Amino acid sequence: MTIKKGRVAIVTGAGQGIGKGISLKLAENGARVVVCDINEETVRNVAAEIVANGHEALAVAGDVGSKSDCLSFVQSALQRWGTVDILVNNAGIIRDAFIENMTEEQWDAVLRVNLKGAFLCTQAAMKPMKLQNYGRIINISSSSCKGNIGQANYASAKAGINALTYVAALELARYGITVNSICPGVIDTPMARSVPQKILDRWIATIPTQRIGHPDDMAYMVLAFAAEEAGYLNGQTIFVDGGMQTGLKM
Ligand SMILES: NC(=O)c1ccc[n+]([C@@H]2O[C@H](COP(=O)([O-])OP(=O)(O)OC[C@H]3O[C@@H](n4cnc5c(N)ncnc54)[C@H](O)[C@@H]3O)[C@@H](O)[C@H]2O)c1
């Protein structure tokens, strides 16, 4: 599986964690990466690291919940490299609480970043992709899409992103654009480390592979969906979770 040298990829939430891992791996494999994040400092650092490794990157700060910022991610790619070939909708946040205690703010914030953000970026990136009859859109969902205690907002957003994947796959297939979802299990990032250790330990204990995931585990799956040869791989939701979703509890 290969990525043609010079393909242009936009990765959101790329300042740290899974998005950073995906950006580094895409660059290593020949893509020019538009590294996007709401955090200006981290996004600049990730782009600088890619360039220091001898690859091409452009840092763009912005909020995926803002339509104009999503348009600016795409516009920046077009101005610099004239095209957008790959979009990875990765930006996400958690605001956990039991339903009984969840505030509207917690609900709205999570739906805005995790779900609306993916919709807005998809809408912005599909235009140049349709014109060139080629595109790879990869949505980072979560194994929580099947439900997780304390995550009504997040689980709903992630189930929503899977539904967005199915609809976008149907609407865009005729333009040579594929749309797929990855559902990570528990991955070692600042987000996972923000969960109370007691809960994190309980989650990790249910992973048949007996280790927490690494951002590279997600990045390799992104490479597979983003590959030139993956044109017939469309509308899929794959769990990359060390086997957590098999129903086998240790
Ligand atoms: N870490 C896990 O265990 C895990 C499991 C399942 C799914 N995921 C999903 O993977 C994705 C990445 O998670 P992570 O663990 O790397 O998280 P993280 O918190 O470590 O990194 C998320 C990045 O997104 C950025 N971001 C937040 N809000 C943004 C916004 N409005 N616009 C642009 N960027 C924004 C943050 O600044 C940060 O750099 C998320 O969609 C998350 O839901 C993570």
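Laboratory data are not the source of any read-out in this text; all were calculated from the coordinates shown. Remember, predicted model here, so these are calculated numbers, not experimental data. Virtual Cβ from ideal backbone geometry, glycine too; neighbours counted across all protein chains shown.
Using only Cα atoms, find the angle between the long axis of helix 215-226 and the longest principal axis of the chain, and express it within 0 to 90 degrees, rounded to the nearest 10.
50 degrees
Could you work out which residue, out of C36, C121, C145, moves most in a Gaussian network model of the chain, that is, has the largest mean-square fluctuation with Cα springs under 10 Å?
C145
Order of D63, D241 from fewest to most other C-beta atoms within 10 Å?
Placing the least packed residue first, the sequence is D63, D241.
Dividing the alpha-carbon radius of gyration of the chain by 2.2 N^0.38 Å (N being the number of residues), what value is obtained? Display every interim value, and only then the final one.
Working: Rg = 17.0 Å, N = 250, 2.2 N^0.38 = 17.9 Å.
Taking N as the residue count of the chain, the ratio is 0.95.
What angle do you read, to the nearest 10 degrees and between 0 and 90, between the alpha-carbon axis of helix 152-172 and the longest principal axis of the chain?
Relative to the chain, helix 152-172 is tipped by roughly 30 degrees.
Give the average over all directions of the projected area of the C-alpha convex hull of region 131-172, one decimal, in nm².
Working: hull surface 13.1 nm².
Taking the Cα atoms of region 131-172, their convex hull projects to 3.3 nm² on average.
Over the chain, with a Gaussian network built from C-alpha contacts below 10 Å, which listed residue (T189, T209, T122) shows the highest mean-square fluctuation?
Largest GNM mean-square fluctuation: T209.
Could you check what % of the DSSP bridge pairs in region 1-153 are antiparallel, to the nearest 5?
Antiparallel: roughly 0 percent of the beta bridges in region 1-153.
Mind running the shape call on region 167-216? Use the C-alpha gyration tensor, a ≥ b ≥ c as the square roots of the eigenvalues: rounded below 1.5 for a/c, prolate if a/b tops b/c, oblate otherwise. If you can, show how the numbers build up before the last one.
Numbers: a/c = 3.51, a/b = 2.93, b/c = 1.20.
Prolate is the answer for region 167-216, as a/c is 1.5 or above and a/b outweighs b/c.
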